[in-house]
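Asker: This is the structure, below, for whatever I ask next.
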Amino acid sequence: MAPTPHGGKSASFLRSPRSTEAPEGGGRILFTPAALRRWVADRGEPPYRCQQILSWVYARRAKSFSCMTDLPRGLRAALERDFFLLAPQRVEVQRSWDGTRKLLLAFPDGAAVESVLIPDAPRLTLCLSSQVGCGMGCAFCATARLGLRRNLHGAEILAQVLVALEHLDPGERLTNVVFMGMGEPLANYDSLLQAIEVLLAEWGFGLSGRRVTVSTVGLLPQMRRLVSETPVQLAVSLTGTSEEQRAQLMPISRRYPLRELLDTCRSLPLPQRRRITFEYVLLAGVNDSMGDAERLATLLRGLRAKVNLIPWNPFPGVEFRRPTEAAVRAFQERLLSRGLLATVRRSRGRDVQAACGQLALSRPAGASKEAQV
Ligand code: SAH
């Protein structure tokens, strides 16, 4: 089906033409709790109005101001004057045979990001992007190829949730959110925090902190802040077992060496019974030897850790290879035998380039585009 640029349905979030937070390029800012709080305070309205309006926007996904019937008429009129429902924007959906849906969202300034809905009964996980492209330069990641184009605003992150909710299958309910799409979430900390506030709020998406995971290459100052300021789950991409090996694969390791990263992880004030997930992308012949498994187990000794092994997902133009299933299992078993919790991440949506590290705004020929918003 040929894509039509705009359908009739408008996404149910707002943008303010008057905000001082205009994104680079002169586009209009979308609606965040912070922007609304300022607006409500400036008008001398009682603060509880914020919660009321936010609940209409996020929890109840109102499509217009006129339906916000518990607000005084004058306030509705003022909202109508100062904010707009977001104009329809382009959304493309690609559905994998396994039910995974990759959503491409184009913003008014032309920037685009991808998010992925991953059904895995009884869970339904939404994988969100935090930046357009990424500046971390990991050698094995397709998004790194784009470089960092720009940060997403908090409301642009939330827009991904609202759009995803419009693409649930009958009976589906969103249970988990992971920041494992495009970008390094901790390099866009303020927007990340705005999005987390709405994800967790009663008046927002009402998720528990255990069901929201932020994955990072290991930006140490922001990791400390995240753990002290929010109850979300932390995942750290490790992928190397020596300083040299990790620095070759993940340039951030030159700024924050492996040793410092692990020391920081040891000192984080984690909530009770919480563990840090360590993601480890398995690259055949590079970091998947039994020696690597041994070193990894030694590095994580004494940490409240679990390891999530991710067999590398290929994309064109790089030399890496995906390890065989037997090699993955052998690596996992070695970790288990050393007493570590270790799981293997099943790749989902590989046929539509929706798996980890494949998000690069590509559209493989022949992939079916299922819907437009
Ligand atoms: N910037 C964050 C989150 C995005 S990537 C981070 O790096 O943690 C989410 C996970 O996918 C990371 O663990 C990353 O190392 C991994 N990844 C990147 N490219 C991959 C690929 N081609 N195959 C498998 N995993 C990949």
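Asker: Tell me which trypsin sites (Lys or Arg not before Pro) from the stretch 294-327 have a DSSP coil assignment and no more than 15 other beta carbons within 10 Å of their own.
Answerer: Here the sparse-neighbourhood loop sites are R301, R304, R321.
Asker: Under the rule of at least 5 residues apart or a separate chain, name every residue whose amide H is placed under 5 Å from the amide H of A201.
Answerer: Those qualifying (amide H under 5 Å, at least 5 residues apart or on another chain) are G206, L207.
Asker: Please state the charge dipole magnitude for the stretch 182-248, taken about the Cα centre, from unit charges on C-beta atoms (+1 on K and R, -1 on D and E), reported in debye and rounded to the nearest 20.
Answerer: Dipole about the Cα centre, nearest 20: 180 debye.
Asker: Further question: Can you give the Rg to Rh ratio for the stretch 161-235, taking only C-alpha atoms and Rh from Kirkwood?
Answerer: Rg divided by Rh gives 0.98.
Asker: In addition: List the residues, sorted by chain then number, that are 5 or more residues from L282 or on another chain and whose placed amide H is less than 5 Å from its amide H.
Answerer: Residues meeting the amide H criterion: I310, W312.
Asker: Now a separate question. Between the alpha-carbon centers of the stretch 217-252 and the stretch 175-209, tell me the distance in whole angstrom.
Answerer: Taking the Cα centre of the stretch 175-209 as reference, the centre of the stretch 217-252 is 17 Å away.
Asker: So, one more: How big is the shadow of the Cα convex hull of the chain, averaged over all directions, in nm²? Write out the running numbers ahead of the final one.
Answerer: Numbers: hull surface 76.2 nm².
Convex hull of Cα atoms, orientation-averaged projection: 19.0 nm².
Asker: Next question. Looking at the chain as a GNM with Cα springs under 10 Å, which of R101, R348, R273 has the largest mean-square fluctuation?
Answerer: Top of the fluctuation ranking is R273.
Asker: Okay, moving on. Which angle from 0 to 90°, rounded to the nearest 10, does the C-alpha axis of helix 220-229 make with the longest principal axis of the chain?
Answerer: Orientation of helix 220-229: about 50 degrees from the principal axis.
Asker: Using only Cα atoms, find the angle between the long axis of helix 154-165 and the longest principal axis of the chain, and express it within 0 to 90 degrees, rounded to the nearest 10.
Answerer: With rounding to tens, the tilt is 90 degrees.
Asker: Something else: Considering the chain as a Gaussian network with a 10 Å cut-off on Cα pairs, which listed residue, A106, A360, A187, attains the greatest mean-square fluctuation?
Answerer: So, out of A106, A360, A187, the one fluctuating most is A106.
Asker: With a cut-off of at most 14 other beta carbons within 10 Å, and DSSP calling the residue loop, which GluC sites (Glu not before Pro) in the stretch 193-240 qualify? Please list them.
Answerer: Taking the stretch 193-240 and a limit of 14 other Cβ atoms within 10 Å, the loop GluC sites (Glu not before Pro) found are E202.
Asker: Related question: Below 8 Å between Cα atoms, with a sequence gap of 6+, how large is the relative contact order for the chain in percent?
Answerer: Relative contact order here is 18 percent.
Asker: Let me ask something else about it. Given a 10 angstrom Cα cut-off, can you work out which residue in A144, A62, A77 is the most mobile in a GNM of the chain?
Answerer: A77
Asker: Give me the number: length gained by fully extending D109 to L270, i.e. 0.36 nm times residue separation minus the C-alpha to C-alpha distance, one decimal in nm. Write down the numbers at each step before the final one.
Answerer: On the way: separation 161, 0.36 × 161 = 57.96 nm, distance 3.91 nm.
Result: 54.1 nm gained on full extension.
Asker: Additional query: Between 0 and 90 degrees, rounded to the nearest ten: what's the tilt of helix 258-267 against the longest Cα principal axis of the chain?
Answerer: So the inclination is approximately 60 degrees.
Readers should treat all values here as calculations from the given coordinates under stated rules, not as data from a laboratory. Source: prediction; values computed, not measured. Backbone-built Cβ (ideal geometry, glycine too); neighbour counts: all protein chains shown.
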